[in-house]
Amino acid sequence: MITLFSHVKKESKTTVLNLSFIFWLMLSEVPVARGVWPLPQKMSQFAERYPLNPQAFAILHENNSQAQPGCSVLDTAFKRYFSLTFPGYSGGKERSSDCLAENPFSGAYTYALVVRVEEDDCDGYPNAESEEKYNLRVSAGGGLLVAKTVWGALRGLESFSQLVYQDEHNNYFINKTEIEDFPRFLHRGILLDTSRHFLPVPTILKTLDAMSYSKLNVFHWHIVDDPSFPYQSRSFPHLSNRGAFHPSTHVYSQTDVRRVIAHARLRGIRVLPEFDTPGHTQSWGKGQPNLLTPCYHGGKPDGRLGPVNPAAGTSYQFMTRFLREIHSVFPDSYVHLGGDEVDFSCWKSNPDVQMFMSKMGFGSDFTKLEAFYMERLINITASLNKTSIVWQEVFDYHEKPKSLSVVEVWRGGCYLCEVRKVTQAGLRAILASPWYLDQPGPTHDWSRYYNVRPLAFMGSVQQKQLVIGGEICMWGEYVDATNLAPMLWPRASAAAERLWSDEEQTCTVSEAFPRLAKFRCSLLRRGVQAGPLSVGHCQQEYQEL
């Protein structure tokens with residue numbers, strides 16, 4: 001907060017008017033404090049400001065930091081954030097931390113941000129428990145960023161980059177600032193659907209960049225579905241050869257997948273793959289014979305195929321081998337198994353499935369059959385040391401929910417009632433219901449995503465601790481590379497602040513609007529095609545980078 005007077009004594013009317021004029025004059029010369037999106041847990045800003053010269057600025061490893069030059073996550077981040085901190089600067093290359101680290105007081109720069117990391121996790125991947133807390137202090141002597149992990153350091157670098165601004169002469173400044181920050185929720189994700197419309201790899205990479213600007217940390221990759229199977233499997237190449245929109249132009253090769261995972265890692269983002277079964281699998285059946293259930297009409301097969309056949313042992317043999325491959329390709333310890341919107345009509349018509357139902361004692365309750373299938377997959381996943389995430393129907397149909405781990409709540413209606421049930425059963429919950437950005441509605445109506453209260457349900461403290469976060473979902477029926485960015489941003493940023501920041505400090509839409517509008521302008525300048533919030537303009541409008 002900018003504080004010019006801590007106390008003004010009541011005097012005569014003339015004195016007050018004179019003080020008011022002086023106050024206005026001082027305000028006109030003091031730059032407005034710069035905001036950070038999402039809002040840090042604790043931030044103090046002051047009128048005192050310092051000029052920054054890009055040619056004499058450096059981001060350095062502190063001598064006592066556990067991360068030193070050679071740390072891939074931070075070395076690439078230092079270079080990346082130099083460009084993000086000084087947008088429009090083209091006067092020369094950034095100061096190299098490599099050459100300055102041995103003698104950080106060599107005089108090669110006039111201002112430096114020094115980074116101290118307390119744990120050496122440079123070679124790993126972010127995980128579900130990664131700590132993202134950081135402290136940032138900006139003063140006349142320089143900036144100091146302290147974090148326990150490199151992932152926290154990345155969040156601090158993002159905040160620092162947002163604090164730097166330019167005056168009317170395009171000179172760079174930063175105000176004296178103190179920040180103590182950490183996320184409210186550990187899981188803050190975006191779901192992209194690459195089956196209904198194929199998203200080229202560069203589009204995905206640009207989305208990961210934009211996610212890092214809003215401190216989102218999970219890319220939920222809904223990679224396959226009914227319309228197409230773009231994942232190029234090593235073990236089952238026919239899945240994409242026959243199930244993708246095109247077997248060479250509309251597929252994600254193993255190299256593509258590694259590229260996405262590597263790009264995400266350097267930005268502190270986990271890649272959570274989803275291979276949704278037993279429903280949403282029409283594209284699977286094109287490349288894997290006998291996987292799906294033959295539908296019957298009048299006692300005979302009618303040529304249609306339904307969900308994965310849960311009565312066939314070959315289905316589980318296939319899924320075991322396929323999930324073993326997914327385990328080797330995706331390093332995250334979690335995998336999303338789907339389990340939503342299963343149409344039981346084909347199962348009901350199939351005599352082999354009916355016989356299996358009778359044998360298992362399921363009667364005519366096909367929710368028990370789905371629960372049986374999902375239980376088998378969850379056990380396969382557990383044998384591979386992976387933790388399963390499922391959509392809420394799997395929880396609703398499970399008589400023994402304790403075998404589940406994480407449930408994603410996506411249905412409308414009283415979604416917090418479902419969150420309450422999930423956490424009451426001792427399971428972790430991810431909330432997605434209120435953040436379906438592909439749903440009809442004005443794209444500028446960001447406030448409905450901002451006003452979500454994820455913990456506003458009757459429950460114990462322990463229950464609310466089981467809500468690990470939320471996801472912003474962009475399903476692909478009407479979304480492809482041409483409109484993805486303006487559909488996502490800055491509305492996803494509104495949800496990102498709800499998932500990162502303290503709710504009591506971010507409960508007013510009117511106070512958030514000018515901050516989000518400024519952040520949207522910074523997204524445009526960074527090459528993100530963020531849609532407008534209202535009538536207005538940005539000093540630097542969007543230009544294709």
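The values are calculated or read from the model by the stated rules, or taken from the named source; none is laboratory data. Keep in mind the model is a prediction, meaning the values are calculated, not measured. Here Cβ is always computed from backbone atoms with ideal geometry, including for glycine, and neighbour counts include all displayed protein chains. We work out accessible area using only protein heavy atoms, side chains counted, and drop any ligands, DNA or RNA first. Shrake-Rupley method; radii C 1.70, N 1.55, O 1.52, S 1.80 Å.
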| request: Select from the stretch 385-443 the residues that are open to solvent by less than 30 Å² (accessible area, probe 1.4 Å), in a loop (DSSP other than H, G, I, E, B) and under 23 Å from residue 192 (Cα atoms) and list them in ascending order. | output: 386, 432, 437
| said: Any residue at all in the stretch 148-161 that's touching a residue at least 24 places away in the same chain (Cβ under 8 Å), touching a Cys at 6+ places or on another chain (Cβ under 8 Å) and closer than 19 Å to residue 78 by Cβ? | reply: yes
| remark: Taking the stretch 238-265 and keeping only residues that are in contact (Cβ under 8 Å) with a residue 40 or more places away in the chain, surrounded by fewer than 18 Cβ atoms within 10 Å (Cβ to Cβ) and not basic (Lys, Arg), one is left with 238, 241, 245, 250, 254, 256
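Please pick out the residue among 127, 170 that is among the polar types (S, T, N, Q), out of contact with any strand residue (DSSP E or B) (no Cβ under 9 Å at 6 or more places or on another chain) and surrounded by fewer than 20 Cβ atoms within 10 Å (Cβ to Cβ).
Numbers: 127 fails: out of contact with any strand residue (DSSP E or B) (no Cβ under 9 Å at 6 or more places or on another chain).
Answer to the check: 170.
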| query | Which ones in the stretch 293-328 are part of a helix (DSSP H, G or I), of a type outside the set (Asp, Glu) and either open to solvent by less than 20 Å² (accessible area, probe 1.4 Å) or over 30 Å from residue 269 (Cα atoms) (or both)? | reply | 313, 314, 315, 316, 317, 318, 319, 322, 323, 326
| request: Confirm whether residue 28 is open to solvent by 30 Å² or more (accessible area, probe 1.4 Å), of a type in the set (S, T, N, Q) and modelled with pLDDT under 50. | output: yes
| message | For a quick check of your reading of the model, give me the residue pairs whose first member lies in the stretch 323-352 and is closer than 14 Å to residue 364 by Cα, whose second is among the β-branched types (Val, Ile, Thr) and open to solvent by less than 20 Å² (accessible area, probe 1.4 Å), with beta-carbon atoms closer than 9 Å and at least 6 apart or on different chains. | response | 346/293; 346/353; 347/293; 347/353; 349/293; 350/293; 352/293
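From the list 541, 511, 503, 471, exactly one residue is among the acidic types (Asp, Glu) and out of contact with any Leu (no Cβ under 9 Å at 6 or more places or on another chain). Which is it?
Values: 541 fails: out of contact with any Leu (no Cβ under 9 Å at 6 or more places or on another chain); 503 fails: out of contact with any Leu (no Cβ under 9 Å at 6 or more places or on another chain); 471 fails: out of contact with any Leu (no Cβ under 9 Å at 6 or more places or on another chain).
Testing whether each residue is among the acidic types (Asp, Glu) and out of contact with any Leu (no Cβ under 9 Å at 6 or more places or on another chain) leaves just 511.
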| query | So is residue 493 modelled with pLDDT under 95 and either open to solvent by 30 Å² or more (accessible area, probe 1.4 Å) or not in a loop (DSSP other than H, G, I, E, B) (or both) or not? | reply | no
| field | Verdict on residue 228 being small (Gly, Ala, Ser), in a loop (DSSP other than H, G, I, E, B) and either closer than 19 Å to residue 308 by Cα or touching a residue at least 24 places away in the same chain (Cβ under 8 Å) (or both) | value | yes
| task | Evaluate the following for residue 528: is it crowded, with 18+ Cβ neighbours inside 10 Å, of a type in the set (A, V, I, L, M) and in a loop (DSSP other than H, G, I, E, B)? | result | yes
| Test set (1) closer than 27 Å to residue 221 by Cα; (2) open to solvent by less than 40 Å² (accessible area, probe 1.4 Å); (3) not in a loop (DSSP other than H, G, I, E, B) - residue 464 fails condition number | (2)
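Does any residue of the stretch 47-61 turn out to be modelled with pLDDT under 50 and open to solvent by 40 Å² or more (accessible area, probe 1.4 Å)?
Of the stretch 47-61, the ones modelled with pLDDT under 50 are none.
Within the stretch 47-61, none of the residues are modelled with pLDDT under 50 and open to solvent by 40 Å² or more (accessible area, probe 1.4 Å).
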